[in-house]
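First the structure, in the form of structure tokens, and then the observations on it.
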Amino acid sequence: MAALALAACLAFPQWTVAASLTLPDALGLAERNNASLQAVIARQDGARAAAVTARQLPNPDLDVIGGPVRPRGPGGPDGHALGITFAQPLDYAGVRTVRAQVADLGSEGAEAAVRTLRRSLYARVKVLFFQVLQRQEQLRIAEEELLALQQIRDRVNLRVQLGEAPRLDLIRADTEVLNARRNRDSSMVRVEQARGSLAVLVGLPQGEPLRLEGVLPALVTMPSLAGIRDRALRSNPELGQLEAEQRRARARVELEQRLRTPQVRLLAGHDVEPDQSRWRLGLSIPLPLFNQRQGQILEAQAEASFADAQLLARRQQLLGELDFALAGFSIARQQVDAFEGGLIRQAEQTVRVAEAAYRFGERGIIDFLDAQRTLRGVRQEYINALYEARYALIEVERLVGVDVLGGMK
């Protein structure tokens, strides 16, 4: 058995049997193992390489031509001729500067795309991590409920045997125990489903037991709405990516306009013939008679207009999504405050009163079981409200682009 555990550790260094996983661990695993993030990082490397390429000067051309020479008339010398031509394209500084600017903005946009996907990945990991914690807590409540109902059933059975309660009470208690057991089993399945989804997202092997460390954290005080909106417009990585694309599109328009100027090539040559040699120096200038890059300029202008509209639309959509997430947090926060403010205590007190009343014969088993069922529902809804509030906070952080709330990576 020890050898098997050692083999598993060697095969998966970050994964052990009954692995204990914290939220920072999960985020680190997702960073290393997520294929989509690695693909975007590779594109970022390509964009950086393109920025290097944009600053490179064009290479010269060297043509060497030789061959035998035969005289046209009698008496002419025989021999060989050799022609050497050197051509260097002249790369204008203004064109090279704008071309480098276009490439730099492409690299900036690629870096923003990495940040966007990383924030989205972190948000999904946090959502699944807290979902596992939520369902584990729901399972704990279901197990406690099953244990409590089994104890109630045993007491009812004793009273039935003593003739203090009708057999119908025992049937009702058995039914509640059966429902509680089914609820416990369903909770176990939901826990395993959530653990499996988290394992897939962070790149862990399937089929191994997974234990998460942590609890649903307490809620924090939300910063002011105006401050969050302003920070989202400044820090959201997707907006940063679109802004870089907008500037890149405008720079490309300028580049296409500058490329209308013909690219001059400097020529230098030396010809050697049997009876003479000569040097040549000149320029090669393309004549923009038919193609003045009208199509390329119009295409670049259309892309710039599209980038402007896309950025404006995303800003509006971002503010709408942020308002929706903040509203969701506000609602969930009110529910959490209501539960913590007395609903849970009232439900627990109701169960104690109903139990005492049933024990002394003042109430029937139905009232007792109803009170127990109500307490279970209140506790489950409290856990759901905590999770919904945490989900809304994660969404706010994803949209803002930074951890404005603290306490989470």
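Computed from the coordinates by the stated procedures, all read-outs in this text should not be read as laboratory data. Owing to the predicted nature of the structure, the values given are computational and were not obtained by experimental measurement. Please note: Cβ atoms are built from the backbone with ideal geometry, for glycine as well, and neighbour counts cover all protein chains shown.
What's the longest piece of the chain with no exposed GluC sites (Glu not before Pro), counting a site as exposed if DSSP puts it in a loop and it has at most 14 other beta carbons within 10 Å?
Answer - 1-163.
What is the magnitude of the charge dipole of region 119-243 about its Cα centre, with +1 placed on the Cβ of each Lys and Arg, -1 on the Cβ of each Asp and Glu, and no other charges, expressed in debye to the nearest 20? Write out the running numbers ahead of the final one.
On the way: 19 positive and 16 negative charges, 40 e Å.
Dipole magnitude for region 119-243 comes out near 200 debye.
Tell me, what HN-Hα J-couplings in whole Hz come from the Karplus equation 6.51 cos²θ - 1.76 cosθ + 1.60 at θ = phi - 60° for each residue of region 140-148, using x for Gly and Pro?
Rounded to whole hertz, the list is 4, 5, 5, 5, 5, 5, 4, 4, 5.
So how tilted is helix 365-400 from the main axis of the chain? Cα-based, degrees 0 to 90, rounded to 10.
Helix 365-400 sits roughly 20 degrees off the main axis of the chain.
Give, in nm to one decimal, the length gained when the segment between Glu321 and Ala357 is fully stretched (0.36 nm per residue of separation minus the Cα-Cα distance).
7.9 nm
Quick one: angle between helix 344-359 and the longest Cα principal axis of the chain, in degrees between 0 and 90, rounded to 10, please.
Computed tilt is about 30 degrees.
May I ask which residue of Thr97, His80, Leu117 lies farthest towards the positive end of the charge dipole of region 72-225, with charges of +1 (Lys, Arg) and -1 (Asp, Glu) on Cβ and the Cα centre as origin?
Checking the options against the dipole of region 72-225, the answer is Leu117.
In terms of the Cα gyration tensor, with a ≥ b ≥ c the square roots of its eigenvalues, is region 117-177 rounded because a/c is under 1.5, prolate because a/b exceeds b/c, or oblate? Please list the in-between numbers first.
Working: a/c = 10.68, a/b = 5.42, b/c = 1.97.
Prolate, since a/c reaches 1.5 and a/b exceeds b/c.
Note the listed values (i) 1.17; (ii) 1.44; (iii) 1.30, then indicate which one is Rg/Rh (Cα atoms, Kirkwood Rh) calculated from this particular structure.
So the structure-derived entry is (iii).
Hey, what's the Cα Rg ratio for region 278-409 versus the globular rule of thumb, 2.2 N^0.38 Å?
Here the Cα radius of gyration is 2.36 times the empirical estimate.
Please list, by residue number, every one of the chymotrypsin sites (Phe, Trp or Tyr not before Pro) in region 331-374 that is coil in DSSP and has at most 16 other beta-carbon atoms within 10 Å.
Listed in order of number, the matching sites are Phe360.
Using the Cα centre of the chain as the reference point, and only Cβ charges (+1 on K/R, -1 on D/E), how large is the resulting charge dipole? Debye, rounded to the nearest 20.
Approximately 220 debye in magnitude.
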